[in-house]
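Report on the structure given below.
Every number here is computed from the coordinates shown, using simple stated rules; none is lab data. Values in this document were obtained by computation on a predicted structure and should not be read as measured data. Cβ placement follows ideal geometry from the backbone for every residue including glycine, while neighbour counts extend to all protein chains displayed.
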Amino acid sequence: MATNDPQASVENTVGSAVNVGNIGPKVQSAVNDFIGDTGFGKALRSIGLLPGAQPIGTGFTDAQWDSSKDLDWRVRLSMPNLYKSSPLLTPLVETNGLVFPYTPQILIESSAQYNSLSPTHNNYPFQTYESSRVNAMTIIGEFFVENEIEGRYWVAAVHYLRSITKMAYGYSSNQGSPPPVIKLNGYGDYVFNNVPVTVQTFTVDLPKDVDYIQVGVGDNGTWVPTRSQISVAVMPTYSRKSVQQFSLDAFVNGAYVVNGKGFI
């Protein structure tokens with residue numbers, strides 16, 4: 001008998017069903033019956049949430065990809081329009097950007113800079129304020145690959161990060177342009193809401209103690225690890241115009257959640 005008990009679904013489910021979180025709408029129908037019957041999709045997205053943390057009336061089991069109606073709170077890096085025509089990036093186009101399939105670890109750091117003034121014959125220096133800044137944030141996500149679909153998504157994610165850290169050089173169509181500014185979203189309005197960022201660095205580990213499986217990408221195929229970790233360092237990047245229009249009063253009152261400036 002079908003059940004929507006997430007705990008029971010997790011305990012009774014093994015294999016590739018664990019990794020359905022990163023697939024797009026073209027293949028979603030293939031696993032829709034399984035998710036609907038077991039409630040596993042809801043359980044997967046509920047890992048790490050305290051009781052009562054899920055929005056009332058929202059069924060993650062029936063969530064649509066990129067649907068604000070269903071409160072999709074997954075961590076996502078947006079896709080520049082120029083990249084959407086790439087056949088290698090088709091899996092990311094289907095999920096409207098690079099979505100971390102499992103809840104990643106994110107390190108956030110903000111700082112206020114002060115200079116110390118130390119007058120002669122004084123026990124205590126005076127602190128003079130200089131500036132404030134939001135430092136680079138590090139997103140560390142696990143990727144598990146158990147089938148062709150997940151393997152293609154891993155290849156697309158790595159190719160996306162390779163591309164997003166390069167400028168338009170040589171014979172590029174938009175010659176001379178720096179790496180694009182993209183949007184970071186995740187966890188709702190007051191965590192990451194259309195935060196403009198640039199990718200500064202990324203790392204991908206290729207472990208020696210895991211299996212590698214072949215996926216049909218390229219003339220000779222591509223081998224991807226069944227378990228790996230991708231780490232991305234993003235820097236909040238705001239235009240001069242938006243910074244000039246900044247209002248601390250509005251920021252304190254949460255207005256930037258409404259106007260989409262993405263200040264954090």
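Side notes on the structure shown:
- Full-extension gain in nm, Val93 to Leu206, via 0.36 nm per residue minus C-alpha separation: 38.2 nm
- Pairwise centroid distance, computed over Cα atoms, of the stretch 161-225 with the stretch 122-153, Å: 16 Å
- When the trypsin sites (Lys or Arg not before Pro) in the stretch 157-264 are filtered for DSSP coil states and for at most 15 other beta-carbon atoms within 10 Å of their beta-carbon, the remaining sites are Lys166, Lys208.
- Alpha carbon Rg of the stretch 73-259, scaled by the compact-globule rule 2.2 N^0.38 Å: 1.29
- Sites listed here are chymotrypsin sites (Phe, Trp or Tyr not before Pro) in the stretch 111-189 whose DSSP assignment is loop and whose Cβ has at most 13 other Cβ atoms within 10 Å: Tyr169, Tyr171, Tyr187.
- Residues whose amide H lies under 5 Å from that of Phe192, counting only those 5 or more places away or on a different chain, are Gly186; hydrogens are built 1.01 Å from N in the peptide plane.
- Dipole of the stretch 195-264, positive direction: furthest Cα of Gly260, Leu248, Asn220, with charges on the beta-carbon: Leu248
- Loop GluC sites (Glu not before Pro), the stretch 91-189, which have at most 13 other Cβ atoms in a 10 Å radius of their Cβ (DSSP): Glu109
- Dipole magnitude of the stretch 73-259, debye to nearest 20 (Cβ charges: Lys/Arg +1, Asp/Glu -1, about Cα centre): 580 debye
- The orientation-averaged projection of the convex hull spanning the C-alpha atoms of the stretch 153-263 amounts to 10.1 square nanometres.
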